[in-house]
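Participant: Below: one structure in structure tokens.
The values are calculated or read from the model by the stated rules, or taken from the named source; none is laboratory data. Just so it is clear, the model here is predicted, and its values are computed rather than measured. Cβ placement follows ideal geometry from the backbone for every residue including glycine, while neighbour counts extend to all protein chains displayed. The area values use the complete protein model at the heavy-atom level, side chains included, leaving out ligands, DNA and RNA. Shrake-Rupley method; radii C 1.70, N 1.55, O 1.52, S 1.80 Å.
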Amino acid sequence: AVVSTQSTGAVSKDLLSAYKEKQGETSVDLGVTVLTTGYWPTYTVDTAIIPPQLSATLDRYKTFYLDKHSGRKLVWQHSLSYCTLKATFGDDPIDKKMELKKELNVSVYQGLVLLLFNSSPRLSYQNIAESTAIEKEELCRVLQSLACSKTRVLKKRPPGKDIDADDNFEFNVDFRHKLCKIKINQIQTRETSEENLNTTEKVFQDRQYQIDAAIVRIMKARKTSTHSVLVSELYNHLKFPVKPIDLKKRIESLIERDYMERKKDDKNVYHYVA
């Protein structure tokens, strides 16, 4: 699973090791990457319904994390997550040799849909939509990847490339593949140039508070700094790319808000305002 909160990759690994040591062996092998929100675009609240056997594992990790980092907020981003499912194809009750065991590497959304077929071999689109609560457009892409791509682990009735609300799906017991471990790719949406620009702007807006915080930390420690030294320090502190003009805008914003000021006889020197 991938989450978006308040940490770095190295710390995530240490936390996960500590969690697994405390929990011991469990039926779900959980992997978590905890990341600072400012490194990612703003995501909508994920409303997908997680099965009890998985949600219990997520809840245990969340409790463990918040016990160590009180005051923080942990938000699961299931749309960025993936999982590995063990699946058995073939339906010969007598000759078990006809059964084929595969490991499917899928997105969490794909996994949520596939897990429903443990309870029923056939499901309608409405059944799947209600049971997963995945957003409509995303669910259509998920079902296309599972039933309309080259790796068809589901059968769609009626056949076709498009997903409709009156479609029905069944687990494809006849599925065959030469590999034991299979990655089922997701259907990607094409982002328009306008959408790309909006995403870039959202990312920068999310990062502004990190830039501001870094500037204040540096100036609080130094008390006085030239523009070039401050910018150099910022590039050492910030873990994401940023343009000099954007740093200059954040400096100007902090000056306007009285966090720092320019030296009267040298505009390239800044003073920290306590």
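Participant: Would you mind listing the strands (runs of 3 or more DSSP E) fully within the range 65-171 where at least 2 residues are among the hydroxyl-bearing types (Ser, Thr, Tyr)?
Facilitator: Correct list: 82-89.
Participant: Under 8 Å by Cβ, and 6 or more places apart or on different chains, what pairs join a residue from the range 11-23 that is more than 14 Å from LYS62 (Cα to Cα) with one that is exposed (fewer than 13 other Cβ atoms within 10 Å of the Cβ)?
Facilitator: none
Participant: Further question on the same structure: Does LEU30 satisfy the criteria of being surrounded by 13 or more Cβ atoms within 10 Å (Cβ to Cβ) and assigned to a loop (DSSP other than H, G, I, E, B)?
Facilitator: Judged against the criteria, LEU30 is a match.
Participant: Could I ask something else about it? What are the residue pairs meeting all of these: first residue in the range 132-159, first residue farther than 15 Å from SER107 by Cβ, second residue open to solvent by 40 Å² or more (accessible area, probe 1.4 Å) and in a loop (DSSP other than H, G, I, E, B), Cβ atoms under 7 Å, and 6 or more apart or on different chains?
Facilitator: Cβ pairs passing all conditions: ALA133/THR47; ALA133/ILE49; CYS148/LYS161.
Residues are listed down the side, and each one gets a yes or a no for (1) farther than 12 Å from VAL216 by Cβ; (2) open to solvent by 20 Å² or more (accessible area, probe 1.4 Å):
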{"site": "ILE251", "(1), (2)": "no, no"}
{"site": "LEU254", "(1), (2)": "no, no"}
{"site": "ASP266", "(1), (2)": "yes, yes"}
{"site": "VAL273", "(1), (2)": "no, yes"}
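Participant: Another one. Can you find even one residue in the range 38-48 that is modelled with pLDDT of 90 or more and surrounded by 15 or more Cβ atoms within 10 Å (Cβ to Cβ)?
Facilitator: yes
Participant: If you don't mind, another one. Looking at the range 183-203, is at least one residue part of a strand (DSSP E or B), under 30 Å from THR88 (Cα atoms), touching a strand residue (DSSP E or B) at 6+ places or on another chain (Cβ under 9 Å) and modelled with pLDDT of 85 or more?
Facilitator: Yes, there is a match, as at least one residue in the range 183-203 is part of a strand (DSSP E or B), under 30 Å from THR88 (Cα atoms), touching a strand residue (DSSP E or B) at 6+ places or on another chain (Cβ under 9 Å) and modelled with pLDDT of 85 or more.
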